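Let me begin by presenting the structure, written as structure tokens, before commenting on it.
The values are calculated or read from the model by the stated rules, or taken from the named source; none is laboratory data. Source: prediction; values computed, not measured. In this analysis, Cβ positions are derived from the backbone assuming ideal geometry, glycine residues included, and neighbour counts consider all displayed protein chains. Only protein heavy atoms, including side chains, enter the accessible area calculation; ligands, DNA and RNA are left aside. Shrake-Rupley method; radii C 1.70, N 1.55, O 1.52, S 1.80 Å.
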Number of protein chains: 2
Amino acid sequence: MTDQIPTARQEGKRATRARDVVEHLTRAIHERRLGPGMKLSEDEVGEIFGVSRTIVRAALQQLAHDSLVAIEPHRGAFVAQPTVREAREVFEARALLEPRTARSAALRATPRDIGLLKRHMDQEHEALAAGQNGLALRLSGQFHLEIARIADQATIEGFIAQLVSRSSLVIALYWRRPQAMCESHAHHALMRAMEDRDGDRAEEVMKGHLLDLLSLLDLQDPVPVPQSLKEALTGR
Amino acid sequence: MTDQIPTARQEGKRATRARDVVEHLTRAIHERRLGPGMKLSEDEVGEIFGVSRTIVRAALQQLAHDSLVAIEPHRGAFVAQPTVREAREVFEARALLEPRTARSAALRATPRDIGLLKRHMDQEHEALAAGQNGLALRLSGQFHLEIARIADQATIEGFIAQLVSRSSLVIALYWRRPQAMCESHAHHALMRAMEDRDGDRAEEVMKGHLLDLLSLLDLQDPVPVPQSLKEALTGR
DNA sequence: GCAGACCTGATCGTATACAATCTGCGATGA
DNA sequence: TCATCGCAGATTGTATACGATCAGGTCTGC
């Protein structure tokens, strides 16, 4: 109760605070402040956010449903540690969903959409230039989500959102290169294809992009980085 | 507390009873004992299953995450009523996922898998012959799930499971023909393609099968069938 | 007679309390 | 010294209690 997160969005639409906790935790995972295997104690999380365990439990169960955290009965919740097999599955699923979605997006994109994508990519570059790798990684994932949104397929967008989230964990565990994102080129090429309304090219670029990502993963387990939970959540 | 469901599987692996409630409700929806729009009062569900609202809430939130129920704040939980747009999205997503999954399954299927599929299809026929349309519908959905399982893609299997579930609701709302399942032929053809290890044919058959289903939907809203909750859940 | 405000009953959102279970440490004996 | 047993603390699973919010009906004033 001493120092808690600034209540997130108090102008929020709904009173349900579980959503806030989910958002904070998800963002922390995306930015790699929360690493795979880290324990998420209900009491601890509840104190940090200033909510009771009821809320925390709901949030954790929701995250577990997206395979972002693993709940072990009578043991607790932990940030998920995708196995090699799961890592492969995630990218195979993305390879199945995203190329065709990129095609649809390219065919449907309005000039406004293109503008938003450009702004998004600028932010990505800024974060990268500023050395904020965590932020850059999260923005990079959001780029893929934006494309699904442009394709106007809410259901598929939900699936991709889940897969992008899990990809963060996969990258945290299996990424070799210290240089975080060399993939800006791919995003740029994708955007140009969409600008040209070239569905074929967009699909092909996305396919290659995902294959690149997968090929850059080393399917051995590097050391996880268990750090303090509180520091990860409060230390912006 | 007077008459409650027989506690489902008491040999179950885990103590979490929320999973039981989810399973029961899901099955009820699949078999169309619970129709779109039906209210799921927390107290009522809790009494029927002999659990507290805590459990019921967890179950309902899980179902909401799969878009099987819609939770309206301060109003309650209702069996979802997919809009025309959602209906289309569900089948578009299935068309994206299932054909390629069927191809993988055909290439990986063992004789044991084929045997299980055959038995499954027999059950489907039996249910249909016995006039148990609800059961037949559920088994028909499980057939698709079995294929994803054979393809050995747990992640994609999860997505398909969700889509198949939602398809039940879509069918309940937008199906015209009184004859429930004329699609047994498609399942049969699919199985033969898998028996022949013919990935191309399996993919093609699945694609056509899903297009058939979509074309049989009439995207106008027929009357929903609101009935008693308790009767739907206890009256096996 | 009708429209709008008020009240009431019911239902949900959240917090807290209690019971069940697990983990870790220390005592005990070989 | 090492392995095993048992207890204490901590953490999770579930139930219940209380406050907040909303839908529907009733009553009053025009």
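Under a 5 Å amide H cut-off, with hydrogens placed 1.01 Å from N, B:Val69 pairs with B:Ala64, B:Ala80 among residues at least 5 apart or on other chains. Remark: spin-label model distance B:Asp198-B:Leu216 equals 2.2 nm, labels positioned 7 Å along the Cα→Cβ axis. 3J(HN,Hα) along segment A:155-168: 5, 5, 4, x, 4, 5, 4, 4, 5, 5, 4, 5, 4, 4 Hz, from the Karplus curve 6.51 cos²θ - 1.76 cosθ + 1.60 with θ = phi - 60°, whole Hz, x for Gly and Pro. Return, ordered by residue number, the residues of segment B:16-55 whose backbone nitrogen is under 12 Å from a label point located 7 Å along Cα→Cβ of B:His74. Label zone hits: none. Taking amide H as placed 1.01 Å from N in the peptide plane, the amide H of B:Gly35 sits under 5 Å from that of B:Gln227, each at least 5 places away or on another chain.
Ordering of B:106-119, B:84-97 by packing is B:84-97, B:106-119, highest average first (other Cβ atoms within 10 Å, averaged per residue).
Centroid-to-centroid, using Cα positions, segment A:114-141 and segment A:42-82 are 29 Å apart.
If the Kirkwood radius is taken over C-alpha pairs of segment B:91-150, then at 25 °C and 0.890 mPa s the Stokes-Einstein diffusion coefficient equals 200 µm²/s.
Normalised by the empirical 2.2 N^0.38 Å for globular proteins, what value does the Cα Rg of segment B:84-215 take?
In units of the globular-protein estimate, segment B:84-215 measures up at 0.98.
A simple spin-label model places the labels of A:Ala154 and B:Arg85 0.6 nm from each other, with each point 7 Å out along Cα-to-Cβ.
Rolling a 1.4 Å probe over the protein chains gives B:Met206 an accessible area of about 0 Å².
Projecting the Cα atoms of A:Val84, A:Val205, A:Ala189 onto the dipole axis of segment A:84-215, where Lys and Arg carry +1 and Asp and Glu carry -1 at the beta carbon, places A:Val84 farthest toward the positive end. For segment A:104-116, backbone phi angles converted through the Karplus equation (6.51, -1.76, 1.60; θ = phi - 60°) give residue-by-residue couplings of 4, 4, 4, 6, 9, 4, 8, x, 4, 4, 4, x, 4 Hz, Gly and Pro being listed as x. Once all protein chains are placed together, B:His30 keeps about 30 Å² accessible to a 1.4 angstrom probe.
Dimensions of segment B:40-103 along the principal axes, based on C-alpha atoms and rounded to the nearest Å, stand at 44, 25, 15, largest first.
Diffusion of segment B:16-156 by Stokes-Einstein, at 10 °C in a medium of 1.306 mPa s and with Rh set to the Kirkwood radius over alpha-carbon pairs, works out to 94 µm²/s. With the whole protein complex present, B:Glu44 retains an accessible surface near 80 Å², based on a 1.4 Å probe.
Note that segment A:128-141 has calculated 3J(HN,Hα) couplings of 5, 5, 7, x, 8, 5, x, 4, 4, 5, 5, 4, 4, x Hz, one per residue in order, obtained from phi through the Karplus relation 6.51 cos²θ - 1.76 cosθ + 1.60 (θ = phi - 60°); glycine and proline are x. Legend: residues A:His209, B:His24, sorted from most to least accessible area (1.4 Å probe; ligands, DNA and RNA excluded), read B:His24, A:His209.
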